[in-house]
Structure formats: C-alpha cells, structure tokens
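Before any comments, here is the structure.
Just so it is clear, none of the values below were taken in a lab; they were calculated from the coordinates. The model shown is predicted, which means the values in this text are computed figures rather than measured ones. Backbone-built Cβ (ideal geometry, glycine too); neighbour counts: all protein chains shown.
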C-alpha cells in the first residue's frame, strides 16, 4: 500500500463511526469587519495611518521620496524598469539607479523601488502579485523598500482583499518592515528583509 | 512527597529562565486581549465560527484531502504523502538528491520539528539552515524550541551573545540589534547559495489549493525569492474549505499569536513562480504528513486537530509560565502539547501520560483559543485514557483513602462525624504537622460536614426557577 492509500484509509476508518459530521458554517463578512466602520473614511488616510502604526511610511509624491532618500544617504538602488520613466526625473543625477537586480551583489542596493498591486487600509498592508515583473529579491534585500501603488488600489479590509486574490500563483502581503521580537521580546526591524518600508501612493 | 515530572522540571529551572518565560508569555497574552477585543464587535463569535469551520474540516478530511491534492496538482505542484516522520524525511532527501542539491534553507515549520528533519539531512550530507532568528539560535545551540511562536523565549540576550561568539559570528555582544544584524549578514549568504527552500504552511485552501504562510522576519519569503525549488511540509489537518475563510483565520491568527493585526509577511502560494517573475522556485512540492494525526482523528480527542499553532494557550497557561516549554518533553508544549503530545506519541503514550495531569483545569486555554478547542475536556479524556490503560501515575497525590470513603456511605458518614472532632481538638494534638503549624496562628472555621446532604434530602423538587 502506498502512503497515500495508508493515510486515506486510516482517515476513512477514523471517520466512519462519526454520524452526523460537523457541518460547514456560513459566516458573514460583517463578522470579521471592524468595530469602527472604515467605509465612509478616506481610505488613503486610514492606510497611511495604519502603515505608520507598524512603523512604515506612506508618501504621496516623488519629491518627498527623493528628499527622504537623500537625507538618509541612499543614493544607489534598483528601480523596476516599468516605473523608471515616472521616477527618474524626481530622483535626479546624484542617484545611481539600476534596472536589473544582480543577485550576486544584493548588498550594493541601498533601496529598491518595485511595483505593488494594491493596499489594505485596515492593516496598512501592501499587496504584491507575481505577474508584476519586479524581482522578489529587489523588494526584500535592500534596506529601504519603496512600493509604488495607485490610490485607487486600496482595499478596506482583509476579507475584501481576500476576495480579490485572483489567479496569481504567488501573492504576498507586506505589513511594515521585516521584524523580530525573538530576543527577549525586544522589537528589532530589518531582520532579513527591509528595515524601512515605504509605500509611495501615486494618483 | 513525590511530585509530577513537570513540577520537578520547574523546580530545576534557572531563575532567569523562569523570569524570561513568565514575562514573555504574560506580555503576549495581554497584547492579544487588547488587539482582539478592541477591534471586533464580537470577538468571541469569531473564535466560535473558526472552531466550527476547523471541526468541519477535521470531520471531513476524507473528502478534503483528495480535493486538496487535485487542486495542488492542477496548479503544477508535485504532491507527496508521508504516513510517518521517516517517510517525510526520505521524500525531502529524495527531492534534494534528484536535483543534485546539497544546500537547503528552511523557515520555521513545526512538522519538521516532529520529524527531526534538520539532523536527518545533516547526517545525509545536506546542509540545512534554519532561517528564523529564534530557530537559527536553537540550531547552533543544539537546543529545542520551547514555544510555538517564540522558540527562544527561554533564552536571554547573554545566552545568545555567548552562542554567537562560540559559533564564530563575532566577538561577544549582547545588544539585540547587533545580534540581529549579524544573523542578517550570515543568513543572507545562505539563502543566495541554497538550491532548495523548505517551509511549512499555516493553511491550505481546498477551494484553490493556495498555501498560506505567515512570518514577521521575512525569512520564508527570502527562501522563496532566492531558491529554485520549494518544498512545503504540511500536516494533513491544515486545510480550510474556502478562500474566504482565510479572511477569518488571518484576522485571528496573528492577533492570537503575537497581538498583531496581521503578521508582516503573509504569503499566498498556489504554485511555482509566474513565468514573467525573475525570482523564485520553478519547482514546487507539497508533502502531506500524517505522523500520528490519523490516530488522533480516531480518538475522542480529535478536536485538537483544529489547532492553528498560535501559542495563545501557552501564553495564558499558569503551568506553562512556571514550567517553560521544555518541561513538556516534546515538540508541542503548553496546554495544546499536553493534549497533542501524548496522542502523537502512539505506543509511547504511557511515557507522556503525566502531561494531561499537569493542569489545574482552570479553562483559560479554552477561553483564548482562536478555534475554541475545549482543551480542559480533552485533558480529562486523556486522564481517563491513562486510567483505563492502567498507566502508573507517580507524583499524583494518593486518593485511595478518599475513594474508599466516597464509595461506602457508612464510612463517609462516620468520617464526617469524626471531622466534627476537629472543633474540639486542641491545636497541639492536630495530627498533620502542616495543619498544626497553620492552626498555631489561626483558628479553623467550625466543621460543616454533611450540610449539603441534609439540604439535599429536605429539598422538595419543584419547577426550575425562572431567570429574571
């Protein structure tokens, strides 16, 4: 007998005496919705506030991004080629921007600008789907990660974003910078992924 | 007097370990309560529904398992089945060998702790690096995790700094930030040179075959960004019926585990990477692992298979807080471990039969469980199982005298009358030394034995009083 047959026959044997079996309950979206309804509010404002609560940063224009990067001396990084035309005028000639991400020197990139496909206001979350060509590593390896989303792409809450998962083979939700509290419960950011997570929300 | 193994372990614990565990678990519990009840109008209803959904899955695994298999295969995933821990490990090794791979990075998975995958692979010439910071420290220390989501809750920064120094990760420095940066640099090189990334899964949707994986550090994402092959080891009970159920469970999981609304990285994986994506695995395997779960399913304690491994019951448990996770001598500590470990032990049940007894049955674990598992009931069922199977129970207070009295009405009545003597007995003649000492500075309340029985006899049965 293969392991498949062994497991399935044990499962059937174990469940045979159970009559009736527990039914699957329906549940309403309202149940997992928040106490304070967000629907009337400006989702962009809620998103920015919730992202701030998880130590992320929401910016709404490229000039602010360029100023942030200059101030933190992050002048060398990666930018998704699809976003380059939009970003490069604001970044200026003091920046070195590459449009391919070379995995043999991941630590050379101080920032990575990649395309996100959406956001969730409730939790300050950024959504990345795999069909976007920005490499997974460019969103992960540089210390500063900038995710570009459009204002219209922000969902209200988690159940709404789940309903819009679609067919993509890989989707990742990112809620703030990479972090750990493994050492004595003390919060440290930038464990394996970015220490700074920025959402650049463009019109 | 003899004490139970878990008490003995607790007594031997270093005071600073005990303090670390106590503080860590207490903080975890307080954050959970705040973030769960602050946000939802009816947080308890959320737990009840989630419990009903998982119970439904557990009782219909015969339908869901083939359904998940078919979905995964349709998504381009190779599905393997492993009845035992050894079989699961062999499958992983065979995949590695077929690829000619010698290096693996792995993110935290409790199933691989059950199968002891890391040591097995190392023995077979495969480098297997834990990438979760806590698990990495456990690995270099040749230790075991002591909490489901905070594996090194029992260590302090000085312990870790010493381990790092010993392992060649820089001179002694116990600043948590320095420790984390050193791990970042060390593990980055490991991700980028590994061929295979191994993970677990928090959930699998039967509707879409999506695996859901949550981490805060981003280690599992790095595994799946840098390697070419993804292996997921998954317990057969991890299924959810529909994608939209994920909305409920993701709302509960992080809140219950770490007091966050959502973990930092929540990944939905339904197959190898998209063709246009430059990074990530082109090959994906899922190993569905039994390793004792079907025995649990056949038992009266199958409700425990609802567990989503959040650790909330550990954080709230007064016994766990005093004893720490290693006291449970198994992969799963705390209240969930006290149920699951004896069941997963199979023939070695007698060696674990003391765990269900290490509980005051206070019920806090049931109250916080995001899938509403009646853990105290299950503990009682396991105590009964041990009794039925005549498992010796060292360290349990002898109840022989009590059961003799309680089973013979005449003896019971006599004992109650004798108790009355305590009212007249001078303190110096009290037969129990501890009671004598206690009575030296206090006086016992008047003996009241037998009152309940008299009340019961005189009571005339009537209609139940209406609640106002």
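Would you mind getting me the FRET efficiency between residue B:123 and residue B:94? Use the beta-carbon distance for r and R0 = 25 Å, nearest 0.05.
Numbers: r = 15 Å, r/R0 = 0.60.
So the FRET efficiency works out to roughly 0.95.
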### Task
Please report B:81, B:402 as a ranked list, fewest other C-beta atoms within 10 angstrom at the top and most at the bottom.
B:402, B:81
### FRET E, pair residue A:108, residue B:391, Förster distance 51 Å, beta-carbon r, rounded to 0.05
0.25
## Note on the structure
Between the Cα axis of helix B:61-74 and the main Cα principal axis of chain B, the angle (0 to 90°, nearest 10) is 20 degrees
#### Entry: chain B, helix-only ellipticity at 222 nm - DSSP H runs n ≥ 4, -39,500 (n - 2.57), divided by all residues, nearest 500
-15000 deg cm²/dmol
### Query
Relative contact order for the stretch B:410-458: what is it in percent, counting Cα pairs under 8 Å that are at least 6 residues apart?
44 percent
## Note on the structure
Residues of the stretch B:446-464 with backbone N under 12 Å of the label point set 7 Å from the Cα of residue B:417 along Cα→Cβ are none
### Query
How big is chain A on each of its three principal axes, counting only the C-alpha atoms and giving the largest first in Å?
73, 48, 40
### Exercise: per-residue mean of other protein chain Cβ atoms within 10 Å, B:25-31
1
## Note on the structure
In deg cm²/dmol, rounded to the nearest 500, the helical mean residue ellipticity at 222 nm of chain A, built from -39500 (n - 2.57) for every DSSP H run of length 4 or more, is -7500 deg cm²/dmol
## Note on the structure
Bridge orientation stat for the stretch A:41-202 from DSSP, antiparallel percent rounded to 5, came to 30 percent
### Query
What's the center-to-center distance, using Cα atoms, between the stretch B:364-421 and the stretch A:117-147 in Å?
55 Å
### Query
Which value in nm describes the separation of the simple spin-label points at residue B:436 and residue A:84, placed 7 Å from the Cα toward the beta carbon?
9.2 nm
### Query
Based on the Cβ-Cβ distance from residue A:38 to residue B:33, what FRET efficiency comes out when R0 is 35 Å, to the nearest 0.05?
0.95
### Query
In degrees between 0 and 90, to the nearest 10, how far off the longest principal axis of chain B does helix B:43-59 point, with axes built from Cα atoms?
70 degrees
### Share, in percent, of DSSP beta bridges within the stretch B:192-326 that are antiparallel, nearest 5
35 percent
### chain B, relative contact order in percent, only Cα pairs under 8 angstrom and at least six apart counted
21 percent
### Task
Quick one: compute the contact order of chain A, relative version, from alpha carbon pairs under 8 angstrom and 6+ residues apart, as a percent.
24 percent
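Across peptide B:221-227, how many C-beta atoms of other chains are within 10 Å of each residue C-beta, on average?
Mean shielding count: 6.
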### Task
Multiply the residue gap between residue B:172 and residue B:451 by 0.36 nm, knock off their C-alpha separation, and tell me the result in nm, one decimal place.
93.7 nm
### Residue among A:46, A:11, A:97 with the largest mean-square fluctuation in a Gaussian network model of chain A, springs linking Cα atoms under 10 Å
A:11
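Kindly provide the Kirkwood hydrodynamic radius of the protein assembly as shown in Å, to one decimal, from all pairs of distinct alpha carbon atoms. Please report the intermediate quantities before stating the final value.
On the way: mean 1/r = 0.0369 Å⁻¹.
Computed over Cα pairs of the protein assembly as shown, the Kirkwood hydrodynamic radius comes out at 27.1 Å.
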### Cα centroid separation - the stretch B:81-95 against the stretch B:44-61, whole Å
29 Å
### Task
With a point put 7 Å past each Cα toward its Cβ, work out how far residue A:71 is from residue B:16 in nm, to one decimal.
3.9 nm
### Query
Exposure proxy check: B:430, B:196 ranked by fewest other beta carbons within 10 Å?
B:430, B:196
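Cut-off is 10 Å between beta-carbons; in what order do B:265, B:172, B:22 appear when sorted fewest neighbours first? Please list the in-between numbers first.
Working: B:265 25, B:172 10, B:22 16.
In order of increasing Cβ crowding within 10 Å: B:172, B:22, B:265.
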### Query
Once both axes come from the Cα atoms, what is the angle between helix B:409-420 and the longest principal axis of chain B, in degrees from 0 to 90, rounded to 10?
70 degrees
### Shielding by partners, peptide A:130-142 (average Cβ within 10 angstrom, other chains)
6
#### Entry: DSSP bridge orientation in chain B - percent antiparallel, rounded to nearest 5
20 percent
### Message
Can I get the semi-axes of the stretch B:37-114's equivalent ellipsoid? Compute them from the C-alpha gyration tensor as square roots of 5 times the eigenvalues, in angstrom, largest first.
### Response
34, 18, 13
